[in-house]
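Engineer: Structure below; questions to follow.
The values are calculated or read from the model by the stated rules, or taken from the named source; none is laboratory data. All values derive from a computational prediction rather than experimental measurement. Here the Cβ positions follow ideal geometry from the backbone for every residue, glycine too, while neighbour counts run over all protein chains shown.
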Amino acid sequence: MNINGILAIYKFEMNRTRRTLMQSIASPVLSTSLYFIVFGTAIGSRMGEIDGVGYGAFIIPGLLMLSLLSESISNASFGIFFPKFSGTIYEVLSAPVSPFEIVAGYVGAAATKSLIIGVLILLTARLFVDYSIAHPFWMLGFLLLTALTFSMFGFIIGIWANDFQQLQVIPLMVITPLTFLGGAFYSINMLPEPWQSLTLFNPVVYLISGFRWAFYGISDVAVGLSLGMTLLFLLTCLGLIWWIFRSGYRIKQ
């Protein structure tokens, strides 16, 4: 394995983040903080508990997942799209690095950025809402697994997109609505039928439910099912990336 090649791509992407700290790190943390102020402090103080958890604390896993999904996709998609857009992707493809090492560099950097943002959001939430973490090991596990999975998904979007407009279509038109409808601000058990059953077709429900279980020991679906769905999506992304490099889809064409 070419460790130096992976580190070169990884360091290049992380250096780009350091040059744009306000846009890459500060902006998503500030945006999520506004949610904590409005929903956690202002509205949450006037609402009752959900499954024994205060509303302000209840929405923390959902808000964290919202930021994690969007930032993982955004970082990874732009990271691979810009070299493809500028033509420098051919320098990467001609270098003595394998497809696995290319993906490891770009996805690793995107996941690292997302994890940094996630930790900062958790620390910021403490300023507005009192919360606890019942299963810290599982919380970190879900955090890492989600960051890696959706960084891979973002990598696929970056390969697929032909322009900057396409780069934003799936995150804005698909992922964000699915997150809001996936129980970020409520428990799906509060929904009447048939909406409760229909919501189970939303894959983000399983991510938020598993993450909330790691915090408070409560979930809308079984935690094993949440973990299984996340791993299934991870394997699907791996399969698509393997096919992209094998076929040269929108890379060598």
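Engineer: Do you know which of the residues in the range 179-192 that are surrounded by 16 or more Cβ atoms within 10 Å (Cβ to Cβ) and assigned to a helix (DSSP H, G or I) is farthest from the chain's Cα centre (by Cα)?
Structural biologist: Here the residue is I188.
Engineer: In addition: Which pairs turn up if I take residues in the range 1-25 that are within 20 Å of L68 (Cα to Cα) and look for partners that are of a type in the set (V, I, T) with beta carbon separation below 6 Å, at least 6 apart in sequence or on another chain?
Structural biologist: S24/T17
Engineer: If I go through the range 217-247 residue by residue, how many of them are part of a helix (DSSP H, G or I) and over 20 Å from the mean Cα position of the chain (by Cα)?
Structural biologist: 6
Engineer: May I ask you to say which residue of G217, G210, G239 is more than 30 Å from P83 (Cα to Cα), surrounded by fewer than 20 Cβ atoms within 10 Å (Cβ to Cβ) and small (G, A, S)?
Structural biologist: G217 is the lone residue from the list that is more than 30 Å from P83 (Cα to Cα), surrounded by fewer than 20 Cβ atoms within 10 Å (Cβ to Cβ) and small (G, A, S).
Engineer: Which of the residues that make up the range 199-215 are of a type outside the set (K, R) and in contact with a Phe, Trp or Tyr (Cβ under 8 Å, 6 or more places away or on another chain)?
Structural biologist: P203, L207, G210, F211, W213, A214, F215 - these are the residues of the range 199-215 that are of a type outside the set (K, R) and in contact with a Phe, Trp or Tyr (Cβ under 8 Å, 6 or more places away or on another chain).
Engineer: Within the set of pairs 6+ apart or on separate chains, which have a first residue in the range 35-63 that is at pLDDT 80 or above, a second that is basic (K, R), and C-beta atoms under 8 Å apart?
Structural biologist: Partner pairs satisfying both residue conditions: F58/R212; P61/R212; G62/R212.
Engineer: A follow-up question, please. I'd like to check something: does the range 148-160 contain any residue that is exposed (fewer than 14 other Cβ atoms within 10 Å of the Cβ) and under 28 Å from L122 (Cβ atoms)?
Structural biologist: No, the conditions are met nowhere in the range 148-160.
Engineer: Follow-up. In the range 219-253, what count of residues is obtained for those that are within 24 Å of M190 (Cβ to Cβ) and either in contact with a strand residue (DSSP E or B) (Cβ under 7 Å, 6 or more places away or on another chain) or basic (K, R) (or both)?
Structural biologist: Adding up the residues that qualify gives 0.
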